[in-house]
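In what follows, a structure is listed as structure tokens, so that the remarks can point back to it.
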Amino acid sequence: MKITFLLTWGDEMGGTEMAAYTQAIHLAPRHEVEVLSVFKTRQEPFFAAARKVERRYLVDRTDGRERPVRDSALDAEACRTLASLPSEIIKPAWESTFNRLSDVEMTRALGSLDTDVLVTTTPALMAAVADLAPARVVTVHQEHRASQLRGVSGEPLLVYAPRIDALVSLTERTNDWFADSLKDAAPELVAIPNAVPDGFRPRSDLESRTIVLAARMTPEKQLDHAIHAFHRVSADFPDWTLRIFGDGPQQVRLRRLVEGLGLHSQVELMGRSDQMEQEWAKASLCLLPSRNEAFPLVLLEVFAAGVPVIAYDIVTGPAEIIRHDVDGLLVPPGDIDSLAAAMSRLMEDDATRHAFGKAARTGVDERFSGEKITAQWEELFERLVARRDSPKRLADRADRTAMRIAQGGTKSFSVAAPVSLLANSTDEQKAREVLIQAQNRSLIRSAGRLAEERDDIDGPTMANLNLEITAKAFEDSGVPFVLVRNDGLAHLLAVPVEQRARALQALATQLQGKPVYGELITPRGAAPGAVLAERLEGVGEIAGVRVFKPVTSESRTLRYGPAYGCTVEFWDEDDDGWRNSPRSNTLLGRRLPSLEPTAKLQVGEHDYPTLTQFTKQLMWDVDFPVDVVYTWVDDTDPAWRARRDNVRRRLDMPVDDADSGDVRFRNRDELRYSLRSLAMFAPWVRNIYLVTDDQAPEWLDTDQPGIEVVSHRDMFPDQSWLPTFNSHAIESQLHRIDGLAEHFLYFNDDVFIGRPLSAGSFFLSNGVAKLFRSPTPVPPSEPSPDDEGYFAAAKNNRALLEEAFGRVATHGFLHAPHPLRRSVLSEIAERFPEEVSATARNPFRANTDLSITSSLHHHYGYLTGRSVPSAISCSYINVGNYEHHSVLSRLLAARSHDVFCIGESADAEVPVDEQDRVLRAFLNAYFPVPSRFERS
């Protein structure tokens, strides 16, 4: 079998290059193996292993110029021109090093490639191969990073994966994420780890009293965590030294940290070394405090030297290599105290350290030997090659591509599943999960765990359900607890620490055989992660446990996990008899006089024991009603379009062209999903007012309590100003809505809440509204007829404010929900009657308009003491821009923003029908649960 590995630059130093060469060397004795590198960048490759493999190159960069490696008639000028042009095959955002010269050479080389299996090593190369490789060549992508955490460079993974034969991940967690994201459009998905390179490696005797860490000095590696953790134990171990190898942008900062902590005699910054095999052999302990890893080869090298490792249990990587309490220790991510405690344990316990080192040395050969890993690759390659001439292979590929498109995918967007932060179940737990699933066939596996599949449960309901499950287990077993209030959607129970064993036993007994899990909080004995609740009795000392029942949507794009779980904390007692939280802050602080319940607190339909203090109105509680107002229009309504066009003709304005403002009026059913976002993440909203021109969506159930459709006719004091198609005019009259609360949020229907928020995210408890300033300045120039409507209104606001207050406004505000006060809007209308009336009279946007709700209110409220600057995590996506489509995929995977807005520019490059498909696919994936406002 002929196997070709495709690298971007095979001469450079990197984990991807090292892994590819290691794999090639292991396959070479039984196969014809070559490495094809797009660029030649050195006279000799960095890795000695590369010299043992046949290599070919396409573009030579060794002397600072670019030219084809093959014999070519291209002169230097032509090469310079081609090299200066961006690639048309690989987007610069995916990988900026490619250009038109590499396009030409890849097209030539890949289009006629004579090989059985072509293995790509980056998502960008996978995209090129999907387009260029001959149909008979088996295409396999080997993913070398934690794909679910990639930024824009990972965009091709979901877009092009249906068009290759197999997608190989380093870990089961990444493999599961691909399965949930791609569903039926997935090629063959396989998880194969990296292999430890063959050859002799020196071994450590573990007697050096030296901790060694090797990493690039970047924020992702969190080397400062290692230094801080070492500082916390250094006084107890004065004969130990921390040696850090590597360089990078944080080198000066880390050196200052070492000096500031007075560790210059115990912490050594060694710089880069190409002899790390010898350095590992001098170590007694290794640390890996990274924020993100894929499958760190460095751990295999460390284990080969017989050195135990302490690492953060991050999304992927360490947990797939380190066997907790066997050859190393895993600690909760970012927990420096736990990192220090683990270090202290192995620094003081020679016997355990030596036992771990021995297990590491023998285990790495058993689990990650070249022979074992190569056999997995050979089995995959042989199976794929055996069926490559079957007509079904290309038919299946076509079906997968079609299914991805049907799911809403385009050339720049694909639906992505949420990222799971928990390690998969151990083999032992998986065996138990199989039995539980056999007894309940409705259960599925999602993110490596048993889960219920439901599309009828929202976030608040899920949080309440987890509370109910946990509290019932305690109540049935007589375990004392109190519900304590915090700021989150999920609930927190406090249990006296002396009741920990009983509490864990109660959960294990009451939830036996149930698909319910407990995420361990600061475990001292067990590994971080989640276990079946029935196994909690044996986890040892923990600060708490987060009990959750996994639920996922049919689309696999909404997942309820530990973030919605009920947290149980075990509170200790101090010398004063007060109880102390091990880690959380309640609304009364981390210290309470007692955990004896003195009151009841209702959550959903149940009352739970609590303290009287938690039933009182606290200083920072937002106790006033908060409403929501939407302005909405259905641009497909013939009657509405006729009214609009009649007014435009009367004013000698264009009709039905780019100047008629169709972009602003376009209805893509965003309102349905914005309402879902409120139901999901803002259940505290009292009433919702939908302001329309006597329109309402067909799907809207207006009989539901809490929603009311308001006609423009009911707001405008002068009916001659109607009909209006000017959002500025409509917004100027919102304060006239009958029954509207003093405090409300103004939404455009293209604004969505992205994760659980409280009313305090928008208002202070004293009634002051928050404002969210945009970094985009308003141009410091006079109003002009050429100004865009947004800037024209902002300049008019600025002039009005400067005249009234002597202050010059400089910036606008984010595309987010606008926290407004009805009294402020009324006061603006009374103080500036002519300007507000002029805006209200304009049937279409005019350069004389004010933008009252999105800007003027915030400035005016600030200057009169009723608004205050604040911050909110906000994203703006232009669905008319292809580059923004990958942002949508990342939003789905990370769900990392409080709010987001999906707009469209008037000069959109994306065709309207494609925008519609992308937007609907995204919104259906992010908000799959219908709200009560939708007709069944």
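Within segment 908-936, the set of residues being outside the structural domain of GLY880 (by TED's automatic domain parsing), surrounded by fewer than 17 Cβ atoms within 10 Å (Cβ to Cβ) and in contact with a helix residue (DSSP H, G or I) (Cβ under 9 Å, 6 or more places away or on another chain) comprises ARG932, GLU934. Can you say whether ASP63 is out of contact with any Phe, Trp or Tyr (no Cβ under 8 Å at 6 or more places or on another chain), closer than 19 Å to GLY10 by Cα and charged (D, E, K, R), as far as the supplied structure shows? Here the answer is yes, as ASP63 does meet what is asked. Looking for something surrounded by 22 or more Cβ atoms within 10 Å (Cβ to Cβ), on the phi < 0 side of the Ramachandran plot and either touching a Cys at 6+ places or on another chain (Cβ under 7 Å) or in the same structural domain as ALA893 (by TED's automatic domain parsing) (or both) - is there at least one such residue anywhere in segment 519-526? The answer is no; no qualifying residue exists.
Residues satisfying the criterion are present in segment 608-628 (criterion: buried (at least 19 other Cβ atoms within 10 Å of the Cβ) and within 30 Å of PHE844 (Cβ to Cβ)). When you check ARG30 against the structure, is it in a loop (DSSP other than H, G, I, E, B) and over 21 Å from ALA124 (Cα atoms), yes or no? Yes; evaluated as a whole, the condition is true for this residue.
Beta carbons closer than 7 Å, at least 6 apart along the sequence or on distinct chains, pair a first residue in segment 716-728 that is assigned by TED's automatic domain parsing to the domain that holds ILE852 and closer than 19 Å to LEU850 by Cβ with a second that is among the polar types (S, T, N, Q) and surrounded by 10 or more Cβ atoms within 10 Å (Cβ to Cβ) for PHE716/GLN733; ASN726/ASN842; SER727/THR631; HIS728/THR839; HIS728/SER851. Condition test on SER208, is it touching a Ser or Thr at 6+ places or on another chain (Cβ under 6 Å), touching a residue at least 40 places away in the same chain (Cβ under 8 Å), within 18 Å of PRO308 (Cα to Cα) and among the polar types (S, T, N, Q)? Against the criterion (touching a Ser or Thr at 6+ places or on another chain (Cβ under 6 Å), touching a residue at least 40 places away in the same chain (Cβ under 8 Å), within 18 Å of PRO308 (Cα to Cα) and among the polar types (S, T, N, Q)), SER208 qualifies. Residues of segment 286-308 that are buried (at least 24 other Cβ atoms within 10 Å of the Cβ), touching a residue at least 24 places away in the same chain (Cβ under 8 Å) and closer than 22 Å to ALA341 by Cα: CYS286, LEU287, LEU288, PRO289, VAL302, PHE303, GLY306, VAL307, PRO308.
So, VAL751, is that one closer than 30 Å to ASP487 by Cβ and of a type in the set (Val, Ile, Thr) or not?
yes
The single condition among (1) touching a residue at least 12 places away in the same chain (Cβ under 8 Å); (2) of a type outside the set (A, V, I, L, M); (3) not in a strand (DSSP E or B) that ASP575 does not satisfy is (1). When LEU189 is tested against (1) at pLDDT 95 or above; (2) of a type in the set (A, V, I, L, M, F, W, C); (3) buried (at least 24 other Cβ atoms within 10 Å of the Cβ); (4) in contact with a helix residue (DSSP H, G or I) (Cβ under 7 Å, 6 or more places away or on another chain), exactly one condition is not met: (3). Looking across segment 41-52, the residues that are surrounded by fewer than 21 Cβ atoms within 10 Å (Cβ to Cβ), at pLDDT 90 or above and not polar (S, T, N, Q) come down to ARG42, GLU44, ARG51, LYS52. Only one entry in LEU242, LEU213 is assigned to a strand (DSSP E or B) and either in contact with a Pro (Cβ under 7 Å, 6 or more places away or on another chain) or without any contact (Cβ under 8 Å) to a residue 60 or more places away in the chain (or both), namely LEU242. Given the criteria at pLDDT 95 or above, within 31 Å of the chain's Cα centre (by Cα) and part of a helix (DSSP H, G or I), does ALA226 qualify? Yes. Set side by side, the residues LEU493, LEU465, LEU504 differ, and just one is crowded, with 23+ Cβ neighbours inside 10 Å, in the same structural domain as VAL551 (by TED's automatic domain parsing) and assigned to a helix (DSSP H, G or I), which is LEU504.
Consider segment 595-607 and keep the residues that are in a loop (DSSP other than H, G, I, E, B) and at pLDDT 95 or above. The one that is surrounded by the most Cβ atoms within 10 Å (Cβ to Cβ) is LEU595. Residue count for segment 755-781, restricted to those that are touching a Lys or Arg at 6+ places or on another chain (Cβ under 6 Å) and among the small types (Gly, Ala, Ser): 1. The set of residues in segment 521-575 being among the β-branched types (Val, Ile, Thr) and more than 18 Å from GLU433 (Cβ to Cβ) consists of ILE521, THR522, ILE542, VAL545, THR557, THR567, VAL568.
Listed by position, the helices (runs of 4 or more DSSP H) enclosed by segment 297-357 that each have at least 3 residues that are assigned by TED's automatic domain parsing to the domain that holds ASP236 and within 19 Å of HIS144 (Cα to Cα) are 297-304, 318-321. Looking across segment 728-769, the residues that are within 18 Å of ILE828 (Cβ to Cβ) and touching a Gly at 6+ places or on another chain (Cβ under 9 Å) come down to HIS728, GLU742, HIS743, VAL768, ALA769. Suppose we keep only residues that are in a strand (DSSP E or B) and touching a residue at least 60 places away in the same chain (Cβ under 8 Å) within segment 680-709. Which one would you say is nearest to ALA759 (Cα to Cα)? Taking the candidates together, the pick is ILE688. On inspection, LEU757 qualifies as within 33 Å of the chain's Cα centre (by Cα) and assigned to a loop (DSSP other than H, G, I, E, B).
Name every residue in segment 797-809 that is assigned to a loop (DSSP other than H, G, I, E, B) and either under 23 Å from SER905 (Cα atoms) or among the aliphatic types (A, V, I, L, M) (or both), in order of residue number. Answer for segment 797-809, where residues must be assigned to a loop (DSSP other than H, G, I, E, B) and either under 23 Å from SER905 (Cα atoms) or among the aliphatic types (A, V, I, L, M) (or both): VAL808, ALA809.
The values are calculated or read from the model by the stated rules, or taken from the named source; none is laboratory data. Since we're looking at a predicted model, the values are computed, not measured. As a convention, Cβ positions derive from the backbone with ideal geometry for all residues, glycine included, and neighbour counts pool all protein chains shown.
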